[in-house]
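Taken together, the values in this text are just the output of simple stated rules run on the coordinates, not laboratory data. The structure displayed is predicted, hence computed values, not measured ones. All Cβ positions, glycine included, derive from the backbone under ideal geometry; neighbour counts span all protein chains shown.
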Amino acid sequence: MESFAAPELTADDHVLGPVEAPVTVIEYGDYECPYCRGAARDVHRLLDLHPGMIRFVFRNFPIPQLHPHAEQAAEAAEAAAAQGKFWEMYELLLRPAAHLDVDSLLGYAERVGLDVGRFGNEVIGNFYAARIERDVREGIRNGVNATPKFYVDGQRIDGKVPLEGLAAAVRAAVTAASPR
C-alpha cells in the first residue's frame with residue numbers, strides 16, 4: 001500500500017468558510033474536468049448542510065493531456081484571486097456549460113468586475129504558472145492521481161466517484177467535531 005503525505009493548509013490557499021471550522025475539506029481540481037464541475041455543486045450542498053462546520057480549500061490540478069484549456073483556466077482563477085475575486089471566478093469556471101477559451105475568460109473577468117487588461121495580460125503571460133505547478137507538485141506528493149481528489153481532515157477520499165465517499169466522510173467528521 002502506498003503512503004502519501006496529508007495535505008497541509010498554506011497561507012496562500014483559497015479558503016471558503018470559517019477559519020475556525022472544525023472540518024477541513026481540500027479539493028484538487030481541474031476546471032475543465034466534468035467530474036470537478038459536478039463536484040462543485042456537491043461541495044456547495046455540503047457547505048449548506050453544515051453551515052460554519054466546514055472550511056473548503058481548492059487547489060489547482062490541471063491535467064492538460066485530457067483538458068487542453070485546464071491550465072489557462074487555472075491561470076484565470078489565480079489572476080482573479082490576485083484581484084480578490086477567486087471564488088467568483090471559480091463559480092463561473094466550474095459551471096457545467098462554461099467555456100474556457102480566452103474570449104470567454106475575458107468575459108468572465110468583466111462580469112466579476114476585474115481589471116480586464118491586467119487579467120488578460122496575466123492569463124496570456126502565464127503569470128501564475130509557478131503557483132499552479134506548486135499545487136500540482138503538492139498534489140502528486142499527496143497522492144492525487146485524478147480529479148477531483150478530496151481530503152477530509154487530511155484523509156484522502158478514494159473511489160471511482162470520490163463524491164460518494166466525500167459526503168459520508170464529511171458527515172462523520174462533522175459529527176465527531178460537534179459538541180455532545
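Using Cβ counts within 10 Å as a stand-in for footprinting exposure, how do VAL112, VAL152 rank, fewest first? Write down the numbers at each step before the final one.
Values: VAL112 17, VAL152 23.
Final ranking by Cβ density, sparse to dense: VAL112, VAL152.
Tell me, what does the Kirkwood hydrodynamic radius of the chain come to in angstroms if you use every pair of distinct C-alpha atoms? Intermediate values should be presented prior to the final figure.
Values: mean 1/r = 0.0604 Å⁻¹.
Kirkwood hydrodynamic radius for the chain: 16.6 Å.
Would you list TYR108, TYR128 from fewest to most Cβ contacts within 10 Å?
Values: TYR108 26, TYR128 22.
Ascending Cβ contact count within 10 Å gives the list TYR128, TYR108.
Return the inverse of the average 1/r over all pairs of distinct C-alpha atoms in the stretch 78-180, which is the Kirkwood hydrodynamic radius, in Å to one decimal. Don't skip to the end; give the middle numbers.
On the way: mean 1/r = 0.0621 Å⁻¹.
Hydrodynamic radius (Kirkwood, Cα pairs) of the stretch 78-180 is 16.1 Å.
At 7 Å along Cα-to-Cβ for each site, give me the label-to-label distance between ALA167 and ALA146 in nm.
1.9 nm
Using the alpha-carbon atoms, what tilt in degrees (0 to 90, nearest 10) does helix 129-141 show relative to the longest principal axis of the chain?
Here the helix axis deviates by roughly 30 degrees.
Arranged by the count of other C-beta atoms within 10 angstrom, fewest first, what order do GLU27, GLU91, GLU110 take? It would help to have the intermediate numbers written out before the result.
Working: GLU27 22, GLU91 15, GLU110 12.
The most exposed by this proxy come first: GLU110, GLU91, GLU27.
Show the residues, 5+ positions off or on another chain, whose built amide H is closer than 5 Å to the amide H of THR24.
ARG55, ASP153
Go ahead and run the numbers for FRET between ASP48 and ILE124, Cβ-Cβ distance against an R0 of 25 Å, rounding to 0.05. Present the calculation step by step, with values, prior to reporting the outcome.
On the way: r = 36 Å, r/R0 = 1.44.
That pair, ASP48 with ILE124, gives E of 0.10.
What is the extension gain from ARG41 to ARG134, computed as 0.36 nm multiplied by their sequence separation minus the C-alpha to C-alpha distance, in nm to one decimal? Write out the running numbers ahead of the final one.
Details: separation 93, 0.36 × 93 = 33.48 nm, distance 2.58 nm.
Result for the pair: 30.9 nm of gain on full extension.
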